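These notes are about the structure you will find just below.
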Amino acid sequence: MGDHEAPGGDITGSDPAGRIEQGRLLFAGPCDFVLGAADLAQLPEPDRPEVAFAGRSNVGKSSLINALTGRKTLARTSNTPGRTQQINVFALGREDIGRLYLIDLPGYGFAAAPKPQVARWTRLVNGYLKSRPGLRRVFLLIDARHGVKPPDAAVMANLDTAAVSYQAVLTKADKITAAELDVRLAATAETLRRHPAAHPEILATSVVKSLGIAELRAEIAALADA
Ligand code: GDP
C-alpha cells in the first residue's frame, strides 16, 4: 500500500494517536444488536448520537461492520433481494467511553430489484433520514473497483436534499493496486466536490488487509457522546 497507511479521514488532525485509541476503546466496549426494524416506528428513541452505513448490495457493508466491531456474525451478509429490507440497529459503548447507535441501512441498487422494492427502500431510508435528530453522519460505501455508480449518485443527491452529512468510504481496496486506488480516490473526491453535504475526506478500507478500519473507528468515536 505504500503511502496509503492513513488514507483520508480526519486522522491527520490534532492528536491522531489519541483519536485512534478513542476509536479502539469504543469498539472494544459493548456492541449489541438491538433490533432489525422493518418500519420506522420500530426504531429506538433517538436519545444518543448515531451513524449510519449505506451502500449498494454487495459493496461489503456487512463485512465492514463486522470488521469494525470485531464480531464475525453481527451484521449478517444477507441483504439479498426478496428478503424483507430492514434497518439494523446496534448499540455501541457505555456512558464512560461514549454511546452511539450504529445503523445498518438496507443495501440498494440491486440490478434485479423490482420497482416496488426500490420505492419501499426510498421511503424507508428517506423516512429514516428525516426522523433521526441524533444522526451525525452517513458513511456511504463505494466499491473501490467500481467508483461512484448511478445508484450511489442518486443516494448522494438524496442526502444533499436531506442535508445529512455523509462521508464516502471505499471498500475492497485490496482488490486494486495502490496506483488504481489513487485514481479512484481522486475521481471520488472530484465527484464529492459537487455535493454540498459530502465530507471532503474519503476513507479507503479493506477488511481483508485491515486497511482503514482503525481510522474509521476513530471517525465514528469522534462522533459519539463522550
Ligand atoms: P453487503 O451486501 O454490502 O453486506 O456485502 P458483504 O459484506 O456481504 O460482501 C460482499 C462480498 O464482498 C463478500 O463475498 C465479501 O467476502 C466480499 N468482501 C467484502 N469486503 C471485502 C474486502 O475488503 N476485500 C475483499 N477482497 N472482499 C471483500
Practice task
Would you please name the residue that is farthest from GLU215 (Cα to Cα), looking only at residues in segment 64-80 that are at pLDDT below 85, within 11 Å of the ligand (Cβ to nearest atom) and open to solvent by 20 Å² or more (accessible area, probe 1.4 Å)?
Solution key: THR80
Completion exercise
Going through segment 154-184 in order, the residues found to be modelled with pLDDT of 95 or more, among the small types (Gly, Ala, Ser) and more than 11 Å from PRO196 (Cα to Cα) are ALA168, ALA173, ALA178, ALA179
Exercise for the section: Give me the pairs, please: first residue somewhere in segment 180-191 and within 13 Å of LEU203 (Cα to Cα), second residue anywhere and open to solvent by 30 Å² or more (accessible area, probe 1.4 Å) and part of a helix (DSSP H, G or I), beta-carbon distance under 9 Å, and either six or more positions apart or on two chains. Expected result: ASP182/ASP3
Practice task
Would you be able to say whether some residue in segment 8-18 is modelled with pLDDT under 60 and surrounded by fewer than 19 Cβ atoms within 10 Å (Cβ to Cβ)?
Solution key: yes
Practice task
Could you list all residues from segment 24-55 that are in a strand (DSSP E or B), touching a Lys or Arg at 6+ places or on another chain (Cβ under 7 Å) and not hydrophobic (A, V, I, L, M, F, W, C)?
Solution key: GLU50, GLY55
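The values are calculated or read from the model by the stated rules, or taken from the named source; none is laboratory data. As the structure is a prediction and not an experimental result, all values here were calculated from the model. Every residue, glycine among them, receives a Cβ derived from its backbone with ideal geometry; neighbour counts consider all protein chains shown. Side chains included, ligands, DNA and RNA excluded: accessible areas come from the protein's heavy atoms. Shrake-Rupley method; radii C 1.70, N 1.55, O 1.52, S 1.80 Å.
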